[in-house]
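Structure, as structure tokens:
Readers should treat all values here as calculations from the given coordinates under stated rules, not as data from a laboratory. Just so we're clear, the structure is a prediction, and the values are computed from it rather than from any experiment. Positions of Cβ are backbone-derived with ideal geometry, glycine not excepted, and every protein chain shown enters the neighbour counts.
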Amino acid sequence: MVTAHADDGTEAEDEAWALTQAIGGHWRELRRGASMRPLLEHLFGHGPERLDLGQSDTLDVLVQRDGWRMCELADALRVDASSATRAVARLHDEGLVTRRPSATDGRVVVVDATPAGRHRQAAVARRRREAVSTMLADFSLDDRRRLATLLGRLVDSLDRYAEGLHQPPSPAGDGPGPAPVTALPVAEPTP
């Protein structure tokens, strides 16, 4: 993992370090910008109708099919079972999902989106599509393709890194996770 930058690096390493710093700053700004109240209220509603991010994510998954077991839902959401249970409980209290015992195993809880839940999810999805379309209006189709590809790669890389955090200590012996990155590839900008 890159944690510090030595002054004796090559020009490519210097540029890689600067780009890493810039990407980290943009990531931080995305987190801050995405939590701004006006955007959240626009996307997820306000007052008693407001969904939090976890509830919205849960409805996004539940509308894909009927009959989600809680363990399947937690896996699909990439959260632990208790987080999925809390999100479902809040949605159940608002009448947006139903919970029932599994027909094959009464110990298992199965969750479905209600018609009201499907309606709420569709409204949020529509506002989200409109917001992203507006934000990307100045991006060419090629820029959008590159952004989609790069964001997908970033998510995959983040998943691999996070998974490595649960692994035995790295060969360098500096704690859990993947071995430290010694050199970062620098991609040439495309015209």
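A few comments on the model shown:
- Local net charge near residue 111, Cβ-Cβ under 10 Å (Lys/Arg +1, Asp/Glu -1): 0
- GluC sites (Glu not before Pro) within the range 60-147, DSSP loop, no more than 16 other Cβ atoms inside 10 Å: 94
- Cut-off under 5 Å, modelled amide H: who pairs with residue 110 long-range: 100, 102
- Our coupling estimate for the range 65-79, obtained by passing each phi through the Karplus curve with A = 6.51, B = -1.76, C = 1.60 and θ = phi - 60°, is 6, 8, x, 7, 6, 4, 5, 5, 5, 4, 4, 5, 7, 6, 10 Hz, Gly and Pro reported as x.
- When the P(r) of the range 96-166 is calculated, the portion above 15 Å amounts to 74% of the C-alpha pairs.
- Other residues within the sphere of radius under 14 Å centred on the Cβ of residue 39, judged by their own Cβ, net out at +2 (K and R +1, D and E -1).
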